[in-house]
Amino acid sequence: MAYVPRLKQEYKGKVISSLTKEFGYKNVMQVPKLKKIVISKGVGAAVADKKLIDYAIDELSRISGQKAVATLSKKDVSSFKLRRGMPIGVRVTLRGERMYEFLDRFVTTALPRVRDFTGIKATGFDGRGNYNLGIKEQIIFPEIDIDKINKITGMDITFVTSAETDKEAQSLLSELGLPFQKN
């Protein structure tokens, strides 16, 4: 029997039925689901030092469990000494099993390690059912060895859902375990 992540089983078992009750879906296919998680990190200092991109790729690959890729600049900006095609960031897109595994590790081990954590803000929705979250320190992830990092940097995490509205997306993400702040 193949391995199925815990959150994927929970989605199929409990989340679908609770969202169907809450929003009154007539069909199981109407229930919103998590499509992908995109983790990205801007490395502006990489214009001067190319090795920073390699460090960022290594860190994101460890955190996500999947190989990260460098993002390239689209324009020339002379005031930043930036040329078109230079690597200035790193990103990784998670889907399927790895997506659920990352979300499980993020909710159960990484978020509780944030200092003075009271929950994540519910203001990161974009109006189309997607949620953006910024993290200030990459050291909250247990995969990162604090002695081996050269600089504490942040990252952005985007949760892309199939929800039509922000309310549906927030219900989905909170059912999957994201701890939103109470108003």
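Here are a few things to note about the model shown:
- Candidate set from segment 160-181 (those that are out of contact with any strand residue (DSSP E or B) (no Cβ under 7 Å at 6 or more places or on another chain) and without any contact (Cβ under 8 Å) to a residue 60 or more places away in the chain); member that is nearest to PHE117 (Cα to Cα): LYS167
One line per residue, one yes/no per condition, for (1) touching a Gly at 6+ places or on another chain (Cβ under 8 Å); (2) in a loop (DSSP other than H, G, I, E, B); (3) at pLDDT 85 or above:
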{"position": "MET99", "(1), (2), (3)": "no, no, yes"}
{"position": "LEU103", "(1), (2), (3)": "yes, no, yes"}
{"position": "PRO112", "(1), (2), (3)": "no, no, no"}
{"position": "ASP116", "(1), (2), (3)": "no, yes, no"}
{"position": "ASN150", "(1), (2), (3)": "no, yes, no"}
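- Residues satisfying the stated conditions in segment 120-138, i.e. part of a loop (DSSP other than H, G, I, E, B) and either under 14 Å from the mean Cα position of the chain (by Cα) or among the hydrophobic types (A, V, I, L, M, F, W, C) (or both): ALA122, GLY124, ASN130, LYS136, GLU137
- Of all the listed residues (SER73, SER64), the sole one being under 13 Å from the mean Cα position of the chain (by Cα) and surrounded by 14 or more Cβ atoms within 10 Å (Cβ to Cβ) is SER64.
- Selection status of VAL43, over 17 Å from LEU173 (Cβ atoms) and aliphatic (A, V, I, L, M): yes
- LYS74 fulfils the conditions (1) under 19 Å from ILE146 (Cα atoms); (2) without any contact (Cβ under 8 Å) to a residue 24 or more places away in the chain; (3) of a type in the set (Lys, Arg) except for a single criterion, (1).
The values are calculated or read from the model by the stated rules, or taken from the named source; none is laboratory data. All figures in this text were calculated on a predicted structure; none of them were measured in a lab. As a convention, Cβ positions derive from the backbone with ideal geometry for all residues, glycine included, and neighbour counts pool all protein chains shown.
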